[in-house]
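Participant: Encoded as structure tokens, here's the structure I'll be asking about.
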Amino acid sequence: ATGVPALDAAVQSIRGARLTPLFPPNPRYAAERAKYGIDQWYELRFDSTAASPREAAARLAATDGIMRAETVKAPKLVGSDRFIIQKSPAQAAAGAAMPFNDPRLPGQWHYSNSGTMAGTVAGADANVFNAWLTETGRPDVVVAIIDGGVDYTHEDLARNMLVNQAEADGTSGRDDDGNGYADDVYGWNFCTNSPQIYPHSHGTHVAGTVAAVNNNGIGVAGVAGGDGSESSGVRMISCQVFDSRSGVGEGDFAKAIVYAAERGATIAQCSWGWGEPDYYEQAVLDAINYFSRMARNDRMTGGLCIFAAGNNGATGNYYPGCIDQVLTVGSMTADGTVASYSNYGPWVDITAPGGLLDYGEQMGVLSTLPNNSYGWNEGTSMACPHVSGIAALVLSKYGSESMSPEMLRTQLETA
């Protein structure tokens with residue numbers, strides 16, 4: 001019982017079993033949460049034999065004091081599950097000059113496409129080699145990988161993972177830094193509500209594009225993966241919202257976004273969305289607003305959520321990508337054309353290489369996979385982390401406390 005008669009009656013009518021704040025308490029950010037209204041969200045679990053989720057939401061929405069009640073329908077990955085493992089490193093074409101010594105970099109046409117590979121067009125790439133002449137990424141820029149779990153032990157990722165030192169040096173089982181998450185050394189698994197990050201192919205692949213370690217003589221290169229020195233490369237947090245193990249459902253996306261903001265991320269890499277147009281959950285949109293306004297570090301005041309457009313090959317309002325507050329990425333192929341699977345419309349802000357496996361595995365995007373593996377995939381999910389990595393490069397080079405998300409967005413769309 002809450003002591004609010006109307007609310008208690010509504011909850012009892014659906015045999016409510018547990019009513020808890022949606023976001024675990026974090027006293028450090030209580031004022032900010034109140035300012036942006038996310039402290040008003042609660043999660044209610046109830047007996048599904050007493051009412052369907054839709055009926056329960058309708059009863060609660062009609063109750064005095066409740067502004068909104070909604071069911072939870074988890075977003076879906078917008079990437080393909082067509083992962084193809086690369087068994088040996090790609091070899092550099094004759095005379096090709098690579099900026100770093102990562103042996104699989106020559107196969108990453110999506111960074112710099114010379115047009116020498118059959119079926120490709122020169123310049124159909126993210127122009128990353130030229131970007132590296134100016135900046136390769138700095139560790140005070142943090143990117144949250146809100147996706148499947150990142151294999152943080154991977155030989156080509158481990159050094160660029162952000163370590164929560166307070167928890168790493170603290171007492172097991174105790175929330176040493178007081179953020180509501182005990183032992184969150186590399187991030188949090190929002191599927192199991194635990195610090196045990198479970199390596200996931202999609203999340204690990206996305207992370208490799210953002211910031212696999214560069215110039216280490218291993219594997220692939222990442223867009224913002226540094227130059228090989230210890231003090232280079234951006235840092236990543238794994239916010240696991242997809243878990244491929246049987247019986248484990250999707251995580252809480254709103255919680256993951258708020259967690260990322262409060263852990264210091266200013267870029268949220270989000271290759272997911274709802275698979276049907278016009279559907280959204282306000283709690284997730286409120287969390288995006290919180291990240292956009294509250295996230296901050298010395299490189300930017302505010303944060304930018306970068307979303308994949310989706311792989312339906314359709315137009316329509318696909319959330320969260322269609323909202324103005326986020327930057328949304330469509331996909332192009334190695335011949336410079338828009339990929340047939342890429343969603344489109346005026347809300348798609350930018351296009352980046354996402355690959356197309358129909359014409360051979362080498363036409364996909366090459367990145368990291370769990371267990372020190374590497375491989376290809378395709379999709380707007382693969383295009384999106386290119387833009388997140390480039391955003392991190394911009395902040396690494398030009399970021400300051402006077403930089404705003406709007407300024408960063410303008411650079412990405414027009415520079």
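The values are calculated or read from the model by the stated rules, or taken from the named source; none is laboratory data. For clarity, every value in this text was computed on a predicted model and none was experimentally measured. Counting neighbours? That spans all protein chains shown, and the Cβs are built from the backbone with ideal geometry, glycine included. SASA here: full protein model, heavy atoms, side chains in, ligands and nucleic acids out. Shrake-Rupley method; radii C 1.70, N 1.55, O 1.52, S 1.80 Å.
Participant: Taking the Cβ of residue 128 as the center, what net charge do the other residues with Cβ under 15 Å away carry, scoring Lys and Arg +1 and Asp and Glu -1? Can you show the working numbers first?
Facilitator: Values: positive: 104, 397; negative: 102, 125, 135, 227.
Neighbour charge sum, excluding residue 128 itself: -2.
Participant: If you take the Cα Rg of the stretch 264-303 and divide it by 2.2 N^0.38 Å, with N the number of residues, what do you get?
Facilitator: The reported ratio for this selection is 1.35.
Participant: For the chain, report the accessible area per residue in Å² (1.4 Å probe, heavy atoms, rounded to an integer).
Facilitator: Accessible area per residue, the chain: 41 Å².
Participant: Separate question: Run the 1.4 Å probe and let me know the accessible area of residue 49, rounded to the nearest 10 Å².
Facilitator: About 110 Å², ignoring ligands and nucleic acids.
Participant: To continue, here is another question. Among 24, 320, 139, determine the one that fluctuates most according to a GNM of the chain built with springs between C-alpha atoms less than 10 Å apart.
Facilitator: Result for the chain, Cα springs under 10 Å: 24 fluctuates most.
Participant: HN-Hα J couplings of the stretch 277-286 from phi, Karplus 6.51/-1.76/1.60, θ = phi - 60°, integer Hz, Gly and Pro as x?
Facilitator: x, 6, 9, 7, 10, 5, 4, 5, 5, 5
Participant: While we're looking at this one, here's another question. Starting from the 7 Å offset along Cα-to-Cβ, what nm value, one decimal, do you get for the label separation of residue 13 and residue 73?
Facilitator: 2.3
Participant: Residue 73: which aspartates and glutamates have alpha carbons under 14 Å from its alpha carbon, excluding same-chain residues fewer than 8 sequence positions away?
Facilitator: 43, 250, 252, 276, 278, 281
Participant: Could you sort 407, 67 by accessible area so the largest value comes first, with the probe set to 1.4 Å?
Facilitator: Ranking 407, 67 by accessible area, largest first, yields 67, 407.
Participant: Still on this structure, please answer the following. Go ahead and set up a Gaussian network model of the chain, Cα springs under 10 Å, then flag whichever of 295, 17, 58 fluctuates most.
Facilitator: 17
Participant: Any idea what angle helix 253-262 forms with the longest principal axis of the chain, computed on alpha-carbon atoms, 0 to 90 degrees, nearest 10?
Facilitator: For 253-262 against the chain, the angle is about 70 degrees.
Participant: Only Cα pairs within less than 10 Å get springs; with that Gaussian network setup on the chain, which residue of 310, 107, 222 has the largest fluctuation?
Facilitator: Result for the chain, Cα springs under 10 Å: 107 fluctuates most.
Participant: With Cβ to Cβ distances under 13 Å as the rule, what net charge do the other residues near residue 368 carry (K, R +1; D, E -1)?
Facilitator: Neighbour charge sum, excluding residue 368 itself: -3.
Participant: Roughly how tilted is helix 380-398, in degrees to the nearest 10 and between 0 and 90, from the longest Cα axis of the chain?
Facilitator: Helix 380-398 and the main axis of the chain meet at about 80 degrees.
Participant: Here is a follow-up. Separation between the residue 171 and residue 324 pseudo-spin-labels, each 7 Å from Cα along Cα→Cβ, expressed in nm?
Facilitator: Roughly 5.0 nm, to one decimal.
Participant: Could you tell me which of rounded, prolate or oblate describes the stretch 306-415, using a ≥ b ≥ c as the square roots of the eigenvalues of the alpha-carbon gyration tensor, with rounded for a/c under 1.5 and, failing that, prolate when a/b is larger than b/c and oblate otherwise? Mind showing how you got there, number by number?
Facilitator: Numbers: a/c = 2.14, a/b = 1.30, b/c = 1.65.
Judged from the Cα gyration tensor, the stretch 306-415 comes out oblate (a/c at least 1.5, b/c at or above a/b).
Participant: Per the 1.4 Å probe, what fraction of the accessible area of the stretch 1-147, in percent, lies on carbon and sulfur atoms?
Facilitator: Heavy-atom surface of the stretch 1-147 belonging to carbon and sulfur, 1.4 Å probe: 54 percent.
Participant: Given the pairs 76/397; 35/255; 76/255, which are separated by over 23 angstrom at their Cα positions?
Facilitator: With Cα atoms farther than 23 Å apart: 76/397.
Participant: In addition: Between residue 143 and residues 5 or more places away or on another chain, which pairs have amide H atoms under 5 Å apart, with H built 1.01 Å from N, and which residues are they?
Facilitator: Amide H neighbours of residue 143, under 5 Å, 5+ apart: 235, 236, 237.
Participant: Quote the charge dipole size of the stretch 35-164 about the Cα centre in Debye, to the nearest 20; the model charges only the Cβ of Lys and Arg (+1) and of Asp and Glu (-1).
Facilitator: Using only the charged Cβ atoms, the result is roughly 240 debye.
Participant: Right, here's the next one. May I ask for the angle, rounded to the nearest 10°, between helix 201-211 and the longest principal axis of the chain, with both axes built from Cα atoms and the value confined to 0 to 90°?
Facilitator: 60
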